[in-house]
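> One structure coming up, written as structure tokens, with questions to follow.
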Amino acid sequence: MSAPSNVASYDRRDLRAALRNGSFTLHLGPFSHLVSGASEPLLDFLSDTYRDYSVELTPSDVTDVLLRLEAPNILRRFIRRQITPNPGFKVPAVPLPLSMSPLAFEMGLNLSVALKCCRFINVHAGVVADKDGAIVMSAASGGGKSTLTAALLQHGYRLFSDEFALLGLDQPLLHPYPRPISLKQETIPVVRDMVGDNWISKVVTGTPKGDIAYYRARASDLAQDKTSAKAKLVLFPKFEKGVRPIARQLNPAEAIMRLVPASTNYSLLGEPAFHAITGLLKNIRAYEITYGSTIDSLRLVEQITDQKLV
Amino acid sequence: MQKSALKQIVGIAPLPEKVMDRIELVRNADANHILGQMASANTSDVSDRLHDIFRNALLRAGHDHIMLQFEINRLEHALSGTGIEPVVLKGGAYVARGKKAAGGRRVSDLDILVAEDELEEVETRLKEAGWSPDEATDNEYDQAYYREHMHELPPLRHAKRGTIIDVHHRLLPKTARSNVDVALMQQSAMRIAENPVRTFDDVDMFVHSAVHVFADGAIDTPARSLVELYLLYIELSSDDALRLKTRAKAVGAIKAVSTALWAIDEFFDEDNALALSNEALAEKPNFILRWAIATKTLERPSAPLAKLLLYIRSHYLRMPLRLLVPHLARKAVAWRPTTKKPIELPFP
């Protein structure tokens, strides 16, 4: 048994062996993840995008997530190799070519956390925080959430998550789960320009969701992955090309009614989830912001938070 | 699933020391849908991380239990004024009675039992209250088959809540080779508090569970079924345990009950159960049946053969050949690969 250490500190051969044995254990935020299924594309991805993440090669305890990356059938283990994520329950996952292993890995972890880990209320939203508290950004796919998250990271915010707002059941606190930020299609060059090529993974092309790349989380954000925060603002961003930037304040009821359908487990948790979401919105404001460029979105956040960003 | 795993799940053997073994046990319990039962039974010697995982499972079960209580409430409402006092069966009964077997158990459907001559009124009332035939069986053949040969109405699904209710009038199909005396069991069912809804008493709950597992079906969820029987058994008072034999004889379920007692001894080393089983039994469950149950449960290499035997046995018990052959032929012709509905996720 070894103490957790970051991925970069391990030999590739040892990482491969651990993935093969199914003893590769990733620790992040409140969760631990046991992953099996070695492939070269996955190892490339891990040693790049996950270089600063804390990993054990033999688990020291049971884990929240049990993810197997495996071939859909025996033929696809050898010929035109394919891979599917198996989180231990039935998922509607399409087999992907082996070169898309990073996507299978990310999808598998997302499904596991979204559907299995119900000791947090799980809201599909990006979350960043500074010393005053966290900004929760909930948007439909293509709403520009990832770009705004990436932009706020360049202006004094730390990453909680781009996908999951994890809200405590007992206290309305948000818990960091700083996985890499998944970038789709046209957001890839936008974020690349913003943060530099160094921070963006190899682009996985031709996936069922188009081109996908990952923006690596910073070591400083990972170092604070156990430090929870209260929310200070809830945003519903909407990117529309060429639109005049506008912020519309929502009353708490409206904000709650929008957060509820964005949650993967609200109806399962019921009453405590209701109290947590109302608790989250207590004494803070919620806005719908519509904008046509990243700079506009930052200016809107400046206005709302009364804080100099750009 | 290993025999030791079953004991660890119900908390009568210490959890494995090695981390990988613990992980495998949790994976196994989850895959067999008894992680919640494991969580309820194992409350000490639990690391923070294991506690977290158990909490997930208990939260899920908690949701099911609230849903179920509400469904019972809606059922009472739908039947109010009719004087009908349905008996809630299985999971619903365990939850309503706060049995050990309910702890952490996931429940999806509400199963109820009414007298055969009450069926029509119950169905009408439920339909008025928003239940309608479930899509999967809402075709002429299935509807007719259920009504003619089965022990229950075709499943009814609530249009708004999506929950399923199975209305039984017997515990085994009408066509079954031997049937239990359901009227006798209904007579001794007891009300839950002041409500018209009833459950069996502890002895009959065990009897019904045994019948369900060993006299009907192919023991498709062996680990879950055995854990349920074990938990019901250990909650029987010593008087109840002694009453089992006479009761099982009286209602015509002696074979199923003694097989259940044998299994409880076999998998959980409950010597008392074996003693009862030996005493109850004119004939022990035969060697082949014991072999098949053990092999399927423990997932030994010869499990496929055991499964096949149990499958054939289940049909042998359920219906005579003159019904079975046309039924299977019809099913084979009508068979379509089930379409997998993707899970709706609020993220891309």
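> In whole angstrom, how far apart do the alpha carbon centroids of region B:1-60 and region A:154-221 sit?
34
> Run lengths n ≥ 4 of DSSP H only: what is the helix-derived mean residue ellipticity at 222 nm for chain A, with -39500 (n - 2.57) per run over all residues, to the nearest 500? Could the numbers behind the result be given before it?
On the way: 10 runs with 94 residues, N = 310.
Theoretical 222 nm ellipticity from helices: -8500 deg cm²/dmol.
> Ignoring everything except DSSP H segments at least 4 long, calculate the 222 nm mean residue ellipticity for chain B; use -39,500 (n - 2.57) per segment, divide by total residues, nearest 500.
Numbers: 16 runs with 199 residues, N = 348.
Mean residue ellipticity at 222 nm (helix-derived): -18000 deg cm²/dmol.
> Would you order B:185, B:38 from fewest to most other beta-carbon atoms within 10 Å of each residue's own beta-carbon? Mind dumping the intermediate values first?
Details: B:185 24, B:38 27.
So the ranking, lowest neighbour count to highest, is B:185, B:38.
> Starting from the Cα coordinates of region B:44-185, work out the convex hull volume and express it per residue in Å³. Mind dumping the intermediate values first?
Numbers: hull volume 20.7 nm³, N = 142.
Here the figure is 146 Å³ per residue.
> Whole-Hz ³J(HN,Hα) for each residue in region A:129-143, computed from phi via Karplus 6.51 cos²θ - 1.76 cosθ + 1.60 with θ = phi - 60°, x for glycine and proline: what do you get?
8, 10, 5, 7, x, 9, 9, 9, 10, 10, 8, 5, 4, x, x
> With label points built 7 Å along Cα→Cβ from the Cα atoms of residue A:17 and residue A:3, find their separation and express it in nm.
Calculated label separation equals 2.2 nm.
> Measure out, as a whole number of angstrom, how far apart the alpha-carbon centroids of region B:133-198 and region B:217-235 sit.
21
> I would also like to ask the following. Charges only on Cβ, +1 for Lys and Arg, -1 for Asp and Glu: so what's the dipole of the protein assembly as shown about the Cα centre, in debye to the nearest 20?
Values: 80 positive and 77 negative charges, 334 e Å.
My answer is approximately 1600 debye.
> Moving on to the next point. Could you pull out every residue, at least 5 positions away or on a different chain, whose amide H is within less than 5 Å of the one on residue A:263? Hs are placed 1.01 Å off N in the peptide plane, and Pro or chain starts have none.
For residue A:263, the qualifying residues are A:124.
> Regarding region A:42-92, what's the average projected area of the Cα-atom convex hull, expressed in nm²? Kindly include the intermediate steps, with their values, before the conclusion.
On the way: hull surface 20.8 nm².
Hull-based average projected area comes out at 5.2 nm².
> Let me ask something additional. Neighbouring Cβ atoms within 10 Å as the yardstick, rank B:333, A:128, A:310, B:10 fewest first.
Listed from fewest to most nearby Cβ atoms, that is B:333, A:310, B:10, A:128.
> Shifting gears a bit: Across peptide B:50-57, how many C-beta atoms of other chains are within 10 Å of each residue C-beta, on average? Numbers along the way, then the final one.
Working: counts 3, 2, 9, 10, 2, 4, 7, 3.
Per residue, the number of nearby Cβ atoms from other chains is 5 on average.
> Among A:93, A:22, A:105, whose Cα lies farthest out toward the positive end of the dipole of region A:5-116, if unit charges sit on the beta carbon of Lys, Arg (+1) and Asp, Glu (-1)?
A:93
> Charges only on Cβ, +1 for Lys and Arg, -1 for Asp and Glu: so what's the dipole of region A:5-116 about the Cα centre, in debye to the nearest 20?
The calculated dipole for region A:5-116 is roughly 560 debye.
> So, one more: Using Cβ counts within 10 Å as a stand-in for footprinting exposure, how do B:45, A:211 rank, fewest first?
Values: B:45 9, A:211 15.
The most exposed by this proxy come first: B:45, A:211.
> Moving on to the next point. Report Rg(Cα)/(2.2 N^0.38 Å) for region A:115-254, keeping two decimals.
In units of the globular-protein estimate, region A:115-254 measures up at 1.05.
> Which percent, nearest 5, of DSSP beta bridges in region B:3-333 are antiparallel? It would help to have the intermediate numbers written out before the result.
Details: 10 of 15 bridges.
In region B:3-333, DSSP labels about 65 percent of beta bridges as antiparallel.
> Same structure, new question: Answer with one residue from B:103, B:308, B:261: the one whose Cα lies farthest towards the positive end of the charge dipole of chain B, charges on Cβ with Lys, Arg +1 and Asp, Glu -1.
Of the candidates, B:308 comes out farthest on the positive side.
> If I build a Gaussian network model for chain A, linking alpha-carbon pairs within less than 10 angstrom, which residue out of A:79, A:277, A:256 has the largest mean-square fluctuation?
A:79
> Principal axes first, then extents: for the Cα atoms of the protein assembly as shown, list largest minus smallest coordinate on each axis, whole Å, largest first.
84, 58, 51
> Place a +1 charge on the Cβ of each Lys and Arg in chain A and a -1 charge on the Cβ of each Asp and Glu, then give the dipole magnitude about the Cα centre in debye, rounded to the nearest 20.
Numbers: 35 positive and 29 negative charges, 95 e Å.
Magnitude of the dipole: close to 460 debye.
> Which residues make up the longest stretch of chain B clear of trypsin sites (Lys or Arg not before Pro) that lie in a DSSP loop with no more than 13 other Cβ atoms within 10 Å, not counting the sites?
Values: sites that count: B:18, B:160, B:161, B:177, B:340.
Result for the longest clean stretch: B:178-339.
> Next question. Using a simple spin-label model with points 7 Å from Cα along the Cα→Cβ vector, what separation in nm is obtained for residue B:315 and residue A:58?
For the pair residue B:315/residue A:58, the computed spacing is 5.0 nm.
> Same structure again: Evaluate the Debye formula for region A:251-307 with equal point scatterers sitting on the alpha carbons, no solvent, and hand back log10 of I(q)/I(0) at q = 0.12, 0.19, 0.24, 0.25 Å⁻¹, in q order, two decimals.
The computed values of log10 I(q)/I(0) come out as -0.39, -0.77, -0.94, -0.97.
> Could you give each residue of region A:203-208 its phi-based ³J(HN,Hα) in whole Hz, using Karplus coefficients 6.51, -1.76, 1.60 with θ = phi - 60°, and x for Gly or Pro?
Here the 3J(HN,Hα) series is 6, 8, 9, x, 7, x Hz.
> Would you mind checking which residues have amide H under 5 Å from residue A:54's amide H? H placed 1.01 Å from N; only 5 or more apart, or other chain.
For residue A:54, whose amide H was placed from the backbone, the distant partners under 5 Å are A:27.
> At most 11 other Cβ atoms within 10 Å and a DSSP loop assignment: could you name the trypsin sites (Lys or Arg not before Pro) in region A:1-107 that fit? Can you show the working numbers first?
Working: sites: A:12, A:13, A:16, A:20, A:51, A:68, A:76, A:77, A:80, A:81, A:90; in loops: A:51, A:80, A:81, A:90.
Filter output for region A:1-107: A:80, A:90.
> Considering only the protein assembly as shown, what is the antiparallel percent among its DSSP beta bridges, to the nearest 5? Each step should come with its number before you reach the end.
On the way: 54 of 74 bridges.
Here the share of antiparallel DSSP bridges comes out near 75 percent.
> Here's a follow-up. Longer than 27 Å from Cα to Cα, which of A:209/A:230; A:230/B:160; A:232/B:160; A:116/A:209; A:145/A:282; B:3/B:174 are they? Say none if no pair is.
Numbers: A:209/A:230 33 Å; A:230/B:160 36 Å; A:232/B:160 37 Å; A:116/A:209 23 Å; A:145/A:282 23 Å; B:3/B:174 35 Å.
From the list (A:209/A:230; A:230/B:160; A:232/B:160; A:116/A:209; A:145/A:282; B:3/B:174), the Cα-Cα distance tops 27 Å for A:209/A:230; A:230/B:160; A:232/B:160; B:3/B:174.
> Tell me, what are the semi-axes, in whole angstrom and largest first, of the equivalent ellipsoid of region A:5-116 as set by the roots of 5 times the Cα gyration tensor eigenvalues? Mind showing how you got there, number by number?
Values: eigenvalues 87, 57, 27 Å².
So the equivalent ellipsoid measures 21, 17, 12 Å along its semi-axes.
> Using the Cα centre of the protein assembly as shown as origin and beta-carbon charges of +1 (Lys, Arg) and -1 (Asp, Glu), tell me which of A:279, B:122, A:260 is placed farthest towards the positive end of the dipole.
Sorting the options by dipole projection puts first A:260.
> Would you work out the Kirkwood radius for chain A? I mean one over the mean of 1/r across all pairs of different Cα atoms, in Å.
Numbers: mean 1/r = 0.0501 Å⁻¹.
That comes to 20.0 Å for chain A.
> Just to check I understand the Karplus step: with θ = phi - 60° and J = 6.51 cos²θ - 1.76 cosθ + 1.60, what whole-Hz values come out for region B:221-233, glycine and proline as x?
Using θ = phi - 60°, the values come out as 10, x, 4, 5, 5, 5, 4, 4, 4, 4, 5, 5, 5 Hz.
> Do any GluC sites (Glu not before Pro) in region B:209-293 lie in a loop, going by DSSP, with at most 16 other beta-carbon atoms within 10 Å of their beta carbon, and if so which?
B:235, B:283
> Now a separate question. With all pairs of different alpha carbon atoms counted, what Kirkwood hydrodynamic radius in Å does chain B show? Walk me through the numbers on the way to the answer.
On the way: mean 1/r = 0.0466 Å⁻¹.
Radius from the Kirkwood sum: 21.5 Å.
> What does DSSP give for chain A in terms of the percent of beta bridges that are antiparallel, rounded to the nearest 5? Could you put the intermediate results ahead of the total?
Numbers: 44 of 59 bridges.
Antiparallel: roughly 75 percent of the beta bridges in chain A.
> While we're on this one: Taking amide H positions as placed 1.01 Å from N in the peptide plane, with prolines and chain starts having none, which residues 5 or more places from residue B:151, or on another chain, fall under 5 Å of its amide H?
Here the answer is B:174, since their amide H atoms fall under 5 Å of that of residue B:151.
No lab work stands behind these numbers, since they all come straight from the coordinates. Treat the numbers as computed from the prediction; the structure is a model and nothing was measured. Reconstructed Cβ throughout: ideal geometry from the backbone, glycine too, with neighbour counts over all protein chains shown.
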